[in-house]
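Participant: Take a look at this one; I'll ask things after.
The values are calculated or read from the model by the stated rules, or taken from the named source; none is laboratory data. Quantities reported herein were computed from a predicted structural model and do not represent experimental measurements. For neighbour counting, all protein chains shown are included, and Cβ atoms are generated from backbone atoms with ideal geometry for every residue, glycine included.
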Amino acid sequence: MNIKLNRKKFNGFIVIIVFLSLWEIVTRLGLVNTMLLPPLSEILVSVDGLTANGGLLKHVVLSMGRAMGGLVIAILLAIPAGVLLGGLSRRCQLVLEPVVEVLSQLNPFILYHLILIFMGIGEITKVTIIAWACIWPLLFSTITGVCNIDPFLIKCANVFKLNRWQMAVKIIIPAALPQIMYGIRMSASYSLFMLIAAEMMGGESGLGFLIVFSQKFYQVRNVYALVIVIALLGLIVDKILDIIERRFLSYSCQEDLNA
């Protein structure tokens, strides 16, 4: 199994190297307009130029702070709500399910402008819209995980007369953890996506702002450089969450074995 995974990763790495090599070769041979698609080597020089004076790092820190802030808010709201709507409280499920169905259909880009009317352009507005975009994939993923819990576990909880809080903490959340972690990873990707959009539409700092600024002054290489930086940040965040997910799941399995 490990050999197959390593081979898959190696093949993926080779594909990336070939793609980047073709990018450099095609642009250097003049087969495409380098004003629209600069050579990769020149884009990497632009990345180095952006990071030289520490300006890029400052914007990265600001952007990641907003994205993580929105993600944390979504986690704190979506997981408890998902546990309730998944069946822990039948009454809450009946009352809130229609409301959730309606709210989840609201387009975050349209909602962003409504939030601007009430809150203005600021950090709270950006974090709010990021949290809004992150809540839904995590909420529905949590609901799915709770609904698919083995009924035998619920019967065991009832036999031991666990209250709702104990059932949620000791039975439901651990059993639904794989689906919850999947939802968190999806929400993390949504946070970066919505972050860049929010900073583009109304911001004076951050990676989205830098893209718009570079676009206005026709700094095409900087635009590509920032796109690469954002993609790398997304990969890093996903890898970190993947490691956390493996640790949590392995710890949960060990707890089950000890029990």
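Participant: Going through region 4-55 one residue at a time, which ones are among the acidic types (Asp, Glu) and without any contact (Cβ under 8 Å) to a residue 24 or more places away in the chain? If you could, list the steps in order and put the result at the bottom.
Facilitator: Taking region 4-55 as the starting set, the residues that turn out to be among the acidic types (Asp, Glu) are 24, 42, 48.
The answer is Glu24, Asp48.
Participant: Between residues in region 82-110 that are on the phi > 0 side of the Ramachandran plot and residues that are modelled with pLDDT of 80 or more and not hydroxyl-bearing (Ser, Thr, Tyr), which pairs lie under 7 Å by C-beta distance while being six or more apart or on different chains?
Facilitator: That search, which allows pairs on different chains as well, returns Gly87/Val146; Gly87/Cys147.
Participant: While we're here: What is the number of the single condition among (1) surrounded by 15 or more Cβ atoms within 10 Å (Cβ to Cβ); (2) farther than 22 Å from Met68 by Cα; (3) of a type outside the set (Asp, Glu); (4) without any contact (Cβ under 8 Å) to a residue 60 or more places away in the chain that Phe140 does not meet?
Facilitator: (2)
Participant: Quick test of your reading of the structure: Gly65 fulfils all but one of (1) over 25 Å from the mean Cα position of the chain (by Cα); (2) farther than 30 Å from Asn148 by Cβ; (3) surrounded by fewer than 16 Cβ atoms within 10 Å (Cβ to Cβ). Name the failing condition by number.
Facilitator: Exception for Gly65: condition (1).
Participant: So, restricting to helices (runs of 4 or more DSSP H) that lie completely within region 167-259, which ones have at least 3 residues that are in contact with a Gly (Cβ under 6 Å, 6 or more places away or on another chain) and modelled with pLDDT of 90 or more?
Facilitator: It comes to 173-201.
Participant: Next question. Quick one: which of Ser63, Ser46, Ser21 is small (Gly, Ala, Ser) and touching an Asp or Glu at 6+ places or on another chain (Cβ under 8 Å)?
Facilitator: On the way: Ser46 fails: touching an Asp or Glu at 6+ places or on another chain (Cβ under 8 Å); Ser21 fails: touching an Asp or Glu at 6+ places or on another chain (Cβ under 8 Å).
Matching residue, one of Ser63, Ser46, Ser21: Ser63.
Participant: Just one of (1) of a type in the set (A, V, I, L, M); (2) at pLDDT below 90; (3) closer than 30 Å to Ala168 by Cα; (4) loosely packed, with under 14 Cβ neighbours inside 10 Å trips up Ile16, so point out which.
Facilitator: Failing condition for Ile16: (3).
Participant: Could I ask something else about it? Checking Cys156 against (1) more than 30 Å from Leu40 (Cα to Cα); (2) buried (at least 18 other Cβ atoms within 10 Å of the Cβ), which test does it fail?
Facilitator: (2)
Participant: Is there a residue being touching a Leu at 6+ places or on another chain (Cβ under 9 Å), of a type outside the set (A, V, I, L, M), within 30 Å of Met167 (Cβ to Cβ) and modelled with pLDDT of 75 or more anywhere in region 95-111?
Facilitator: So far as region 95-111 goes, yes, one or more of its residues are touching a Leu at 6+ places or on another chain (Cβ under 9 Å), of a type outside the set (A, V, I, L, M), within 30 Å of Met167 (Cβ to Cβ) and modelled with pLDDT of 75 or more.
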